[in-house]
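Read through the structure below, which is laid out as structure tokens, and then see the notes.
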Ligand SMILES: [Zn+2]
């Protein structure tokens, strides 16, 4: 069963709490649907804090190495993710409008006492995964090569 991890976002931020958690793809059902069942670890780090303006925030960093299927040659490719996102905590939907003058690279989170960390990490990963994964130009295997290499590995 996937674990459930919840935090009180406002307390977490105001107390400057920190949490590091390693997930397996198995724990993140919606990510598993895309990348398949692989033994890769996904490391998520949450750090709470308060801005000079008094607004609480949580920084979420994710490190993962996920095998995706290249949509051009159908070989596996490694997708390396190293993301960092700042979520400013808004007290209710109405405050979201007041926060619209914050920089564009900032996201928002509605203050809740039981925010699901697993869902947060999943949402962030799904946002960052490429819609159609592709090797860099010129890095795809030739089709014949690809197929025989795959058979060899399966044997
Ligand atoms: Zn390719």
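The values are calculated or read from the model by the stated rules, or taken from the named source; none is laboratory data. None of these values were measured; they are calculated from a predicted model. Every residue, glycine as well, gets a Cβ built from its backbone with ideal geometry; the counts of neighbours run over all protein chains shown.
Here are some conditions: (1) loosely packed, with under 15 Cβ neighbours inside 10 Å; (2) on the phi < 0 side of the Ramachandran plot; (3) touching a residue at least 12 places away in the same chain (Cβ under 8 Å). Residue 44 meets all but one. Which one does it not meet?
(1)
Among the residues of the stretch 9-33, which ones are in a strand (DSSP E or B) and either surrounded by fewer than 19 Cβ atoms within 10 Å (Cβ to Cβ) or without any contact (Cβ under 8 Å) to a residue 12 or more places away in the chain (or both)?
Across the stretch 9-33, the qualifying residues are 18, 19, 20, 21, 22, 24.
Give the residues of the stretch 73-91 that are more than 20 Å from residue 33 (Cα to Cα) and more than 12 Å from the chain's Cα centre (by Cα), sorted by residue number.
Once the filter is applied, which keeps residues that are more than 20 Å from residue 33 (Cα to Cα) and more than 12 Å from the chain's Cα centre (by Cα), the stretch 73-91 yields 73, 86, 87, 88, 89, 90, 91.
Given the structure, is residue 78 more than 19 Å from residue 116 (Cβ to Cβ) and within 16 Å of the ligand (Cβ to nearest atom)?
The answer is yes for residue 78.
What is the number of the single condition among (1) over 18 Å from residue 11 (Cα atoms); (2) assigned to a strand (DSSP E or B); (3) at pLDDT below 90 that residue 108 does not meet?
Every listed condition holds for residue 108 apart from (1).
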